[in-house]
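Input: a single structure, listed below in structure tokens.
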Amino acid sequence: MKKLFALVLALALALSVAACSGGASTTPAPSAKPSAAPSAAPQKLIKVGFAQVGHESDWRTASTKSVQAALSKEKGFDLRFVDCDNNSAKQLEAVRSFIQQQVDYIVIAPIVSTGWDTVLTEAQSAKIPVIVLDRTIDDSTKYVTWIGSEFTNEGLAAGAWLKDYAKAKNIKDLNILVIKGTTGSSAEIGRTKGFEKIAKENGWKILDQQDGNFTQDGGQKVMESYLKSYKDKFNVVVCQNDNEAFGAQDAMKAAGVTYGVNGKVILISFDACKAALKQVLEGKINADFQCNPLQGEFLADAIKKLAAGEKVPAKTYMKEPWYVAEDILKSITYTNNAGQTVTEPLIKVTQAIADAAY
Ligand code: GZL
């Protein structure tokens with residue numbers, strides 16, 4: 001009897017292990033998590049230098065945590081992390097220090113899109129592969145892969161939503177103020193390009209666009225100056241990230257200007273971090289277009305594949321939902337940056353969605 005029980009138990013155990021193996025998703029817009037890292041950490045740690053933009057936003061904090069968790073020592077990595085404090089000179093210096101340290105891989109989340117070819121040529125000469133994370137680099141192709149977001153689509157989606165929302169609310173004239181992200185960053189360039197395209201097609205008036213540097217302080221200062229120059233002349237504020245939106249709210253509140261679902265001003269944001277989705281839930285932000293910072297596991301997966309001599313896709317796009325405060329619209333349809341006409345769902349924020357956010 002005991003032998004039969006042991007046999008059944010062994011068989012059940014074998015079946016359960018076989019059913020647990022997951023698949024890696026390396027096609028663009030991955031929805032599944034990459035394949036689980038091998039359970040036993042390899043003998044030799046993979047030395048990775050990561051030059052992070054800085055610590056300017058909730059998004060950036062989540063991005064840093066995601067990379068540090070995925071590139072841990074237990075998972076086989078020796079991560080050398082530099083917070084470049086939104087300073088491009090510091091970022092180039094960090095990359096050169098990684099070359100000096102002869103790391104195995106260099107990862108860059110580029111503050112701005114230009115000024116990279118010289119240092120990437122130095123990395124190439126040192127035979128150190130470079131991976132670009134989050135934002136893009138425009139003036140060099142000397143890197144092996146990029147993982148991040150389609151920023152122009154984020155801007156297009158925001159414009160497409162505003163068009164349908166204004167129609168549903170019977171708002172005829174849109175007078176828009178934009179608080180942009182860090183000038184020259186691909187996130188700012190893409191979101192601006194996408195939104196401006198829809199604004200032009202619909203004859204909207206963009207009264208002003210100033211740089212809030214993706215920070216709450218930057219958003220507040222720009223909004224304070226807008227309130228002096230355009231008081232009572234605007235009914236839409238577009239903030240290119242959540243922290244700028246928090247700053248803009250503070251400035252509007254201080255000036256007695258109402259915003260959100262029951263306010264005078266429609267407030268649009270990007271990133272969809274936890275604190276912002278709570279504001280969407282409360283109707284204080286009308287719509288928030290997610291930019292997904294949880295790229296760490298995709299980065300670790302790419303490095304492990306490269307270390308094993310496997311190929312990785314040139315680009316990996318993060319999946320990103322669009323969140324709204326009201327359910328008067330179910331989806332948006334627009335022509336995306338690849339020229340495809342797409343219809344994408346709008347997700348009304350619930351407490352559970354806000355609680356689960358990064
Ligand atoms: C976007 C990222 C941007 C976020 C901001 O991928 O680079 O930088 O939208 C962050 O919150 O500061």
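Quick look at the numbers
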quantity: Number of positions in region 274-294 that are in contact with an Asp or Glu (Cβ under 9 Å, 6 or more places away or on another chain), surrounded by fewer than 23 Cβ atoms within 10 Å (Cβ to Cβ) and outside any helix (DSSP H, G or I); calculated: 2
quantity: Residue in region 332-354 that is under 30 Å from Asp217 (Cα atoms), within 16 Å of the ligand (Cβ to nearest atom) and part of a loop (DSSP other than H, G, I, E, B) present; calculated: no
quantity: Pairs where the first residue, in region 257-271, is more than 17 Å from Gly219 (Cβ to Cβ) and in the same structural domain as Ala166 (by TED's automatic domain parsing) and the second is assigned to a strand (DSSP E or B) and more than 16 Å from the ligand (Cβ to nearest atom), C-beta under 9 Å, 6+ apart; calculated: Thr258/Val265
quantity: Test: residue in region 296-309 that is within 16 Å of the ligand (Cβ to nearest atom) and touching a strand residue (DSSP E or B) at 6+ places or on another chain (Cβ under 7 Å); calculated: yes
quantity: Qualifying position, being closer than 29 Å to Thr335 by Cβ, of a type in the set (S, T, N, Q) and either without any contact (Cβ under 8 Å) to a residue 12 or more places away in the chain or in a loop (DSSP other than H, G, I, E, B) (or both), among Thr118, Thr152, Thr61, Thr141; calculated: Thr141
quantity: Answer residue from region 146-180, given it is among the polar types (S, T, N, Q) and within 16 Å of the ligand (Cβ to nearest atom) and is surrounded by the fewest Cβ atoms within 10 Å (Cβ to Cβ) among those; calculated: Thr152
quantity: Residues that are within 23 Å of Ala245 (Cα to Cα) and of a type in the set (Ser, Thr, Tyr), drawn from region 280-330; calculated: Tyr323
quantity: Qualifying residue in region 194-217 (condition: in contact with a helix residue (DSSP H, G or I) (Cβ under 9 Å, 6 or more places away or on another chain), within 20 Å of Ala276 (Cα to Cα), away from the ligand (no atom under 16 Å from the Cβ) and not in a helix (DSSP H, G or I)); calculated: no
quantity: Those residues of region 218-253 which are part of a loop (DSSP other than H, G, I, E, B) and either over 15 Å from Ile206 (Cα atoms) or out of contact with any strand residue (DSSP E or B) (no Cβ under 7 Å at 6 or more places or on another chain) (or both), in sequence order; calculated: Lys231, Asp232, Asn241
quantity: Looking only at region 320-346, and only at residues there that are polar (S, T, N, Q) and in contact (Cβ under 8 Å) with a residue 40 or more places away in the chain, the one that is surrounded by the fewest Cβ atoms within 10 Å (Cβ to Cβ); calculated: Thr333
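The values are calculated or read from the model by the stated rules, or taken from the named source; none is laboratory data. Computed from a predicted structure; not experimentally measured. Neighbour counts are summed over all protein chains in view; Cβ atoms, including those assigned to glycine, are modelled from backbone coordinates with ideal geometry.
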